[in-house]
Amino acid sequence: MAASSLDRAKQAVRTQVWDALTAAHAVHDASVHGRIPHFKGAEEAATRLAALPAWRRASFVKAVPDKAQLPVRVRALEEGKTVYMAVPKLAAQKPFYLLDPAALTVPPAEAAVGRTAAAIAPTVEVDALRPLDLIVLGSVAVNRDGARVGKGAGYSDIEFALLTEAGLVSPETIVVTTVHALQVTDTPVPTAGHDVSVDLIVTPDETLVCTGSHRPSGIDWAVLAAEKIAEIPALAARRPA
């Protein structure tokens, strides 16, 4: 599928899910279009995730900064897990906030909020992260095979590629997304080779184990525009000569 056709197909899936969530009054956002949905039931999904063996084993977690995953980040910090969260658009030489529960100066419920983390948390370079046990992604739509789409900016996939090339993602690293049940779609989710799929989908009511997990082996330079590379210092530093 050509890039433009793939983008259109992904957007059609996003729109279908955004419309379904809106019709069901299943989100807290006034307008969910263009966003990772802040879905109702996010706290229950976080509680369900926290009961899983993969969560209990995890000490180092990389999590998205979206509102829907705030309860996950809070729970991680409350349980003594180290949380890494990306700087917006990865637009810094040190592109991850380090939330160390032993060093927090505010309660976990405050520290896990993106704007608070930006004010209190040190930033670290990619190579300063510890190997990751769990990666928590936000999604607009995901199917039962684990194929997912975000809101379209592509930063989660770039983060994953950077972390993989740095040796921080192993076959034992679990990739999970927390979503509303309406975000789990039976519609085929189109993907490209650089797209990350998930191992687990957690909704407020069930946990789905995905069988079609796909992980890129590193950065796919061929699909990255020069402008995008220039905007992300960690990418620019790794660009092949």
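We did not get these values from a lab; they are worked out from the coordinates using the rules stated. Small disclaimer: the values here were computed from a predicted structure and weren't measured. Note that each Cβ is placed from the backbone with ideal geometry, even for glycine, and that neighbours are counted across all protein chains shown.
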Matching residues in the stretch 9-53 (hydroxyl-bearing (Ser, Thr, Tyr) and surrounded by 14 or more Cβ atoms within 10 Å (Cβ to Cβ)) number 2
Somewhere in the stretch 59-81, is a residue of a type in the set (A, V, I, L, M, F, W, C), touching a Lys or Arg at 6+ places or on another chain (Cβ under 7 Å) and either closer than 19 Å to residue 182 by Cα or surrounded by fewer than 21 Cβ atoms within 10 Å (Cβ to Cβ) (or both)?
yes
Hey, among 193, 218, 167, which residue is part of a loop (DSSP other than H, G, I, E, B) and closer than 24 Å to residue 34 by Cα?
193
Could you tell me whether the stretch 53-66 includes any residue that is among the charged types (D, E, K, R), over 20 Å from residue 196 (Cβ atoms), free of Cβ contacts under 8 Å to residues at least 40 places away in the same chain and not in a loop (DSSP other than H, G, I, E, B)?
yes
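In the stretch 121-152, which residue that is assigned to a loop (DSSP other than H, G, I, E, B) and free of Cβ contacts under 8 Å to residues at least 60 places away in the same chain is surrounded by the fewest Cβ atoms within 10 Å (Cβ to Cβ)? Even if it seems obvious, please write down each step before you answer.
Taking the stretch 121-152 as the starting set, the residues that turn out to be assigned to a loop (DSSP other than H, G, I, E, B) are 121-122, 125, 129-133, 138-140, 143-147, 150-152.
Add one more test, that the residue is free of Cβ contacts under 8 Å to residues at least 60 places away in the same chain, and what stays is 121-122, 143.
On the way: 121: 21, 122: 12, 143: 23.
Per the stated criteria, the residue is 122.
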So, in the stretch 119-173, how many residues would count as being closer than 15 Å to residue 197 by Cβ and charged (D, E, K, R)?
5
Just to check your reading of the model, which residue among 92, 9 is over 18 Å from the mean Cα position of the chain (by Cα) and part of a helix (DSSP H, G or I)?
9
